[in-house]
1. Name the one entry in 180, 152, 144, 166 that is more than 19 Å from residue 119 (Cβ to Cβ) and touching a residue at least 60 places away in the same chain (Cβ under 8 Å).
2. Look at residue 72 and say whether it is crowded, with 16+ Cβ neighbours inside 10 Å, out of contact with any His (no Cβ under 7 Å at 6 or more places or on another chain) and not in a loop (DSSP other than H, G, I, E, B).
3. Being among the aromatic types (Phe, Trp, Tyr), open to solvent by 50 Å² or more (accessible area, probe 1.4 Å) and touching a Phe, Trp or Tyr at 6+ places or on another chain (Cβ under 6 Å), is that true of even one residue in region 215-224?
4. Failed condition for residue 187, given (1) modelled with pLDDT of 95 or more; (2) farther than 25 Å from residue 105 by Cβ, with all others met?
5. Quick test of your reading of the structure: residue 110 fulfils all but one of (1) closer than 30 Å to residue 56 by Cβ; (2) assigned to a strand (DSSP E or B). Name the failing condition by number.
6. So which residues in region 84-106 are in contact with an Asp or Glu (Cβ under 6 Å, 6 or more places away or on another chain) and either open to solvent by 10 Å² or more (accessible area, probe 1.4 Å) or not in a strand (DSSP E or B) (or both)?
7. With (1) more than 23 Å from residue 47 (Cβ to Cβ); (2) in contact with a Gly (Cβ under 7 Å, 6 or more places away or on another chain); (3) open to solvent by 50 Å² or more (accessible area, probe 1.4 Å) as the list, and residue 135 as the residue in question, which single condition is left unmet?
8. Can you tell me which residue in region 88-127 is farthest from residue 51 (Cα to Cα), limited to those that are polar (S, T, N, Q) and touching a Lys or Arg at 6+ places or on another chain (Cβ under 9 Å)?
Amino acid sequence: MNSTLKTFLPIIVAVMLWAGLYGCRSAGALLKEVASTENSYLLGLTAGGLVENNTLQGVDGASEVDAITGATKTRFNLGIHRIIKFKTLTFESGLDYLTFDQSITYELPTFAQAGQRQVRFSQLRLPLTCNIPFFKGKDGQARLILKAGASLGWTISRSVTDRGSLPDYTFASWDYGPTLGVACYPFPAAKHYRLGIYLVLYRGSRIYEDIFHPAEGQGGQSYMKFGIIFQ
């Protein structure tokens with residue numbers, strides 16, 4: 001994939017996501033079907049980060065004494081989403097802020113590489129999901145909502161600290177991929193407000209790469225986030 005395509009592919013993906021919502025009919029006709037809109041505010045914790053090559057897949061010449069390990073710290077996330085309910089479909093999008101803190105340890109005596117790389121970064125993410133409600137209560141609100149869609153991320157800040165002899169690396173600014181989630185509202189709505197919990201899983205494209213992460217999927221962005229949601 002050439003550098004020009006890599007640069008514009010995240011933008012193309014974002015446009016395609018929105019085109020999936022509006023492409024089948026005119027915007028004016030679609031807006032006539034809007035039943036309601038709601039805002040959701042999310043606050044929680046994030047676990048995950050870069051996918052390390054723990055099995056040394058694709059590394060030629062590795063022996064049993066070589067190893068790559070990783071450790072992540074739980075960080076925080078917050079977001080504001082807009083939920084648009086049509087007659088038959090519900091879509092959700094918005095803006096999320098996530099932070100990550102991860103260490104990658106290289107113990108590769110065969111390649112004369114040993115040390116630890118500390119990676120801290122933060123992202124803004126644009127998710128777009130189709131929501132499926134279940135178990136509606138007397139208030140007409142669903143108690144359980146399943147979500148499926150895609151997410152586009154932009155790394156807005158990054159700090160990398162090396163200790164020891166480590167390979168050169170590249171770190172991309174964009175990643176994108178599928179996302180799945182669930183929201184649960186165990187209690188009836190209080191007037192126009194309700195409180196719930198959410199869980200979101202994401203597995204996306206590669207943002208980190210070095211000679212010991214050559215295979216597809218390695219160095220990709222992957223996380224789980226969970227917390228409380230106020231709607």
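1. 152
2. yes
3. No, the conditions are met nowhere in region 215-224.
4. (1)
5. Looking at each condition in turn, residue 110 falls short on (2).
6. Scanning region 84-106 gives 86, 87.
7. Failed condition: (2).
8. 93
The values are calculated or read from the model by the stated rules, or taken from the named source; none is laboratory data. Not measured: the values here are computed from a predicted model. Every residue, glycine among them, receives a Cβ derived from its backbone with ideal geometry; neighbour counts consider all protein chains shown. With ligands, DNA and RNA removed, areas are computed over all heavy atoms of the protein, side chains included. Shrake-Rupley method; radii C 1.70, N 1.55, O 1.52, S 1.80 Å.
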